[in-house]
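The values are calculated or read from the model by the stated rules, or taken from the named source; none is laboratory data. What you are looking at is a predicted structure, and each value in this text was computed from that prediction instead of being measured. FYI the Cβ positions are ideal-geometry reconstructions off the backbone, even for glycines, and counts take in every protein chain you see.
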Amino acid sequence: MKYRILGRTGVKVSEIGLGTWQLGGTDWGNVDEKDALMILHKSVEMGVNFIDTADVYGMGRSERLIGKFLKETKEKVYIATKLGRREWIENNGWPAKYTIEMVKRDIEDSLRNLGVDCLFLEQWHCIPTEMLKSGEAFELVENFKKKGLLQHWGCSIESIEEGLICMEHPGCETLQVIFNIFRQKVSTDLLPVAKQKNVGIIARVPLASGLLAGKFKKGHKFSEKDHRNYNADGTAFNVGETFAGVPFEKGVELAEKIKEILNPTDDISMAQLALRWILDHDAVSTVIPGATKIEQATSNANASLLSPLSTDVFEKLRDLYKKEIEQFIRGKY
């Protein structure tokens, strides 16, 4: 495993981290506690030291499983969590504004779930653009940073515009953004600014909900509780979080064309090469693929060992994006 500095935090994190939305057990099908803990242990064994979660993943289940794991491991692991969407879920809509009481409750619950005294990284969880523009949310987390309840804060965002807004605040140290071969505009419109301002980039949805692993066929059916079923067209939340906003059937077609360019082998999978493409952008601090199986966790971590992709591959993927992919991207971008 190789490591990179996470923006102005100054902390060295594994360039392949672990996303744990799936450990909430509600939006990717069931992942039982035993398997979840095995995935966490295997990931850290492979050199992963950065794990991302959120208070709403299983309404605390993901955080609690990570808290249990932290008691079992002796390794130094950096945990990033998120706040802000709990109020949206509980009230069936966004609050008029966030209050210090709301933020205090969310932070204290995450501290309790994780079993820690101070959060390493707290992130606003894709709150509305207008709330980011006002800047009030930023001052709220700054307040709790001063109180010693969190070390660093950043924002998980849905659009490049939101990222640029967040980076105007000097306290914002990280941005978490959907970035993969399907969403290449991030590389030209956001990453250069983040690099200039030394803001750490956390790349989420790196495999487009599995499409960029190249294993799905048209007509594939996902389980009822899997967001790849109920949110395939953005019915429940931002469509970009599911298949990176690409319609599934079209995504399968495009993944086949990407596969021809990446040219995976028996030893190097398409998923690993798709992760490598992201890592070849030096403004990225860490990539956080999820895993529902130990084999996936192992494979993802090993992407760090691959050599950079060739210029020819990059140019072909950029050309494919411009000619055939960009027009099908849906959702805030």
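Report whether or not E161 is modelled with pLDDT of 95 or more, in contact with a Lys or Arg (Cβ under 9 Å, 6 or more places away or on another chain), surrounded by fewer than 19 Cβ atoms within 10 Å (Cβ to Cβ) and in a helix (DSSP H, G or I). So E161 fits the description; yes.
Give the residue, chosen from F243, F248, F328, that is within 30 Å of G24 (Cα to Cα) and surrounded by fewer than 17 Cβ atoms within 10 Å (Cβ to Cβ). Break it down stepwise before answering.
Numbers: F243 fails: surrounded by fewer than 17 Cβ atoms within 10 Å (Cβ to Cβ); F248 fails: surrounded by fewer than 17 Cβ atoms within 10 Å (Cβ to Cβ).
From the options F243, F248, F328, the qualifying one is F328.
The helices (runs of 4 or more DSSP H) falling completely within segment 200-305 that include 2 or more residues that are of a type outside the set (A, V, I, L, M) and within 20 Å of Q22 (Cα to Cα) map to 227-230, 294-302.
Scanning segment 130-148 finds one or more residues that are within 24 Å of M102 (Cβ to Cβ), in contact with a Leu (Cβ under 6 Å, 6 or more places away or on another chain) and in contact (Cβ under 8 Å) with a residue 40 or more places away in the chain.
Checking the structure you have, find out if any residue of segment 271-285 is within 24 Å of S159 (Cβ to Cβ) and free of Cβ contacts under 8 Å to residues at least 60 places away in the same chain.
Initially, segment 271-285 is screened for residues within 24 Å of S159 (Cβ to Cβ), giving 274-275, 277-285.
Adding the requirement that they be free of Cβ contacts under 8 Å to residues at least 60 places away in the same chain leaves 280.
Within segment 271-285 (the criterion being within 24 Å of S159 (Cβ to Cβ) and free of Cβ contacts under 8 Å to residues at least 60 places away in the same chain), the answer is yes, since at least one residue qualifies.
Checked against (1) among the hydrophobic types (A, V, I, L, M, F, W, C); (2) without any contact (Cβ under 8 Å) to a residue 24 or more places away in the chain; (3) assigned to a helix (DSSP H, G or I), V103 passes all but condition (2).
Entry remark, segment 7-36: residues being buried (at least 19 other Cβ atoms within 10 Å of the Cβ), on the phi < 0 side of the Ramachandran plot and either among the charged types (D, E, K, R) or assigned to a helix (DSSP H, G or I) (or both) number 8 in total. Scan segment 128-145 and tell me whether some residue there is within 26 Å of S269 (Cβ to Cβ) and outside any loop (DSSP other than H, G, I, E, B). Taking every residue of segment 128-145 in turn, none turns out to be within 26 Å of S269 (Cβ to Cβ) and outside any loop (DSSP other than H, G, I, E, B).
Name the single residue that is farthest from P289 (Cα to Cα) among those in segment 2-52 being of a type in the set (F, W, Y) and within 15 Å of the chain's Cα centre (by Cα).
So the first thing to find is which residues in segment 2-52 are of a type in the set (F, W, Y), and the list is 3, 21, 28, 50.
Cutting the leftovers down to within 15 Å of the chain's Cα centre (by Cα) gives us 21, 28, 50.
On the way: W21: 10, W28: 13, F50: 11 Å.
Taking the candidates together, the pick is W28.
Which residue out of T53, T81 is in contact with a helix residue (DSSP H, G or I) (Cβ under 9 Å, 6 or more places away or on another chain), closer than 10 Å to L18 by Cβ and at pLDDT 95 or above? Please lay out each step first, then the result.
Numbers: T81 fails: closer than 10 Å to L18 by Cβ.
The unique qualifying residue is T53.
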